[in-house]
1. What's the number of the only condition in (1) at pLDDT below 90; (2) within 20 Å of the chain's Cα centre (by Cα); (3) closer than 26 Å to Asn192 by Cα that Ile44 fails to meet?
2. For Asp330, all conditions in the list (1) of a type outside the set (Phe, Trp, Tyr); (2) part of a helix (DSSP H, G or I); (3) out of contact with any Leu (no Cβ under 9 Å at 6 or more places or on another chain); (4) surrounded by 15 or more Cβ atoms within 10 Å (Cβ to Cβ) hold save one; what is the number of the exception?
3. Enumerate the pairs (first residue in segment 57-75 and in contact (Cβ under 8 Å) with a residue 12 or more places away in the chain; second residue anywhere and among the small types (Gly, Ala, Ser)) with beta-carbon separation below 6 Å, excluding pairs fewer than 6 apart on the same chain, so at least 6 apart or on different chains.
4. Looking for whichever is within 26 Å of Met257 (Cβ to Cβ) and part of a helix (DSSP H, G or I) here; the options are Asn289, Asn372. Which one fits?
5. Are any residues in segment 22-38 surrounded by fewer than 22 Cβ atoms within 10 Å (Cβ to Cβ) and either of a type in the set (Val, Ile, Thr) or at pLDDT 85 or above (or both), and if so, which ones?
6. Confirm whether Pro128 is assigned to a loop (DSSP other than H, G, I, E, B), out of contact with any Asp or Glu (no Cβ under 7 Å at 6 or more places or on another chain) and crowded, with 23+ Cβ neighbours inside 10 Å.
7. Which pairs turn up if I take residues in segment 313-342 that are over 14 Å from Ala80 (Cα atoms) and look for partners that are small (Gly, Ala, Ser) with beta carbon separation below 7 Å, at least 6 apart in sequence or on another chain?
Amino acid sequence: MTDDIKSQPGFCYDIFKNQDFWSTRNTIGYNHCCNYDGYIATDITPEQAWLGAEHFAIIDSVARGELVPGCHNCYRAEQAGLVSRRMGSKELYENYHKDADITLTDTPRALDYSVGNLCNLKCTMCGPSNSSKWISDWAKLYPNTNIDNFLYRKDQYVKIDDLEYLKNIRSVHFHGGGDPLLSDAHVKLLQNIEASKGLSDVRVFYNINATNRVSDDVLDLWSRCDIVELYFSIDDVEDRFEYQRTGALWQDTVDIMQWYHEHMPVNHLFYINCTWGYLNLYYLDELYNWYKESFSENRLGDPVKLIFQKCLGTYSLDWVSAKTMQVLKDKFKPYPEIYGLLAILDIQEKPHTTFWDIVSRTDKIRNLNFRNLCSEWSKLL
């Protein structure tokens, strides 16, 4: 494959370098990255998926100048002037790893690794596929659903015990569903990579909910990696944070973030990962102010980046009225990073019926009240 393909509109380094594992109770799915919509292949081995016909078919379609349908989340973000996963991958490979080679190796050079849906929170915008805590509420919301499909099992992740398959790994991204720190799968995978090739050139990424501290053994394991990046899932502050990240307490979460601030080995970076949508768009300026005042750099002086990621699914806010858009523009004018998010929204004069239905029914189950908690924003919606 020549470098000419890099100029094609559907090109992404992850197609040539990264493999994503996603497991449910009954299915193991494979993608190019965790932002891909759907599965490229299911219920085969990692080796079969990586060197399979489905993978090569996507490479061929990119070479023909076609866009990849499952990559629309990145395309849409870029059209709105936002930073996409694809853009982040370009930065990672070209500027950090200094590895722009797109020759397809016999095993992947990077992994997105989901460890199942074991979680200690039931975030409002989540669901049972990604959180085991959500299962009982889901059964009340949708009593005809077979919840057996969501029940967590300790072995509900892809095990990679073949050390040869890990020989080219340069980065690993541990992500949801669930919180990867609740399972020992992340430790086992890093130990296997270390046994295969060592960790000194491996960059590791975690999406975590900041409710769990790790052991000294994990800190020691992380110290042998190139860099460990922690992405704390923080979408709002105080009472609204506790509403959205149901089961978490704001002050406890802040305290645990401070613990990581003090105890991480020197080879680390922090990020605040904000999922924005119906529940919190109106209040992003308050989150931004807290971030700037309280958690804008690590103890080494490295900046902590605040990343805004659009919520998908039922809680994805896709349109607002013209009046609401003007209110948001006025409110966020001093905040360019937030103001830019508004470009992704359409202006439509129609009710948000689906959102109000699901949030009202969920509130009733949990004895919560979004309208009261977020009264000003609710009136605009």
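The values are calculated or read from the model by the stated rules, or taken from the named source; none is laboratory data. Values in this document were obtained by computation on a predicted structure and should not be read as measured data. Quick reminder, even Gly has a Cβ in these numbers, built from the backbone with ideal geometry, and neighbours come from all protein chains shown.
1. (2)
2. So the condition that Asp330 fails would be (4).
3. Qualifying pairs under 6 Å: Val62/Gly10; Glu66/Gly10; Leu67/Gly10; Val68/Gly10; Gly70/Gly38; Cys74/Ser84.
4. That would be Asn289, the only listed residue that is within 26 Å of Met257 (Cβ to Cβ) and part of a helix (DSSP H, G or I).
5. Result: Thr24, Thr27, Ile28, Cys34, Asp37.
6. Against the criterion (assigned to a loop (DSSP other than H, G, I, E, B), out of contact with any Asp or Glu (no Cβ under 7 Å at 6 or more places or on another chain) and crowded, with 23+ Cβ neighbours inside 10 Å), Pro128 qualifies.
7. Hits for this filter: Tyr315/Gly277; Ser316/Gly277; Leu317/Gly277.
Okay, residues lined up against (1) buried (at least 19 other Cβ atoms within 10 Å of the Cβ); (2) over 14 Å from Glu337 (Cα atoms); (3) in contact with a Lys or Arg (Cβ under 8 Å, 6 or more places away or on another chain); (4) not aromatic (Phe, Trp, Tyr):
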| residue | (1), (2), (3), (4) |
| --- | --- |
| Thr253 | yes, yes, yes, yes |
| Ile272 | yes, no, yes, yes |
| Asp285 | no, no, yes, yes |
| Ser296 | no, yes, no, yes |
